1. What accessible surface, in Å², does a 1.4 Å probe find on HIS109, ignoring ligands, DNA and RNA and rounding to the nearest 10?
2. Ordering SER30, SER51 by how much accessible area each has at a 1.4 Å probe, largest first, what is the list?
3. For THR120, THR13, THR44, what's the largest-to-smallest order of accessible area, 1.4 Å probe?
4. I'd like the accessible area for ARG121, computed on protein heavy atoms only with a 1.4 Å probe and all protein chains in place. Round to 10 Å², please.
5. Using only protein heavy atoms and a 1.4 Å probe, report how much of LYS113 is accessible, in Å² to the nearest 10.
6. Would you tally the net charge around ARG123, using a Cβ to Cβ cut-off of less than 12 Å, leaving ARG123 out, and scoring K and R as +1, D and E as -1?
7. Which order do you get for GLU114, GLU62 if you rank them by accessible area with a 1.4 Å probe, largest at the top?
Amino acid sequence: MPLFGNTFSPKKTPPRKCASLSNLHLLDRSTREIELGLEYGTPTMNLAGQSLKFENGQWVAESGSFTGDHREMQRLRRRNQQLEEENNLLRLKVDILLDMLSETTAESHLMEKELEELKTRSRRRK
């Protein structure tokens, strides 16, 4: 038996109160949305006079709210397509140049090896 009593004697915690006294958790989802106003709708924002809404994971311009010129959008789309095609062409050219470089390097290594073999043969003959 310890001299000064039990050193580890935690106090008893009071019993917990009920988590929720309201009966709203018993209601189904649609009733809760009506009662609590949880129907927010799709998120929207306004940038530079253009109204956008979030649908299926992407921001989409709302119909009729685009204030820009339709021809300008078509021009930008064509320019984008031209740049993508040019980018693809440049990638192809880089691939061809890399192939040519590797082929030339391989040929150069073979020629160096043949040259070394010829040098060693000529040394042996002397």
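The values are calculated or read from the model by the stated rules, or taken from the named source; none is laboratory data. All values derive from a computational prediction rather than experimental measurement. Don't worry about glycine lacking a Cβ; one is built from the backbone with ideal geometry, like all the others, and counts go over all protein chains shown. Surface areas here come from the heavy atoms of the whole protein model, side chains and all, with no ligands, DNA or RNA. Shrake-Rupley method; radii C 1.70, N 1.55, O 1.52, S 1.80 Å.
1. Using a 1.4 Å probe on the heavy atoms, I get roughly 110 Å².
2. SER30, SER51
3. Details: THR120 60, THR13 120, THR44 80 Å².
In descending accessible area the options line up as THR13, THR44, THR120.
4. Ignoring ligands and nucleic acids, ARG121 comes out at about 130 Å².
5. Accessible area, nearest 10 Å²: 130 Å².
6. Here the count lands on +3.
7. On the way: GLU114 115, GLU62 55 Å².
Ranked list, largest accessible area first: GLU114, GLU62.
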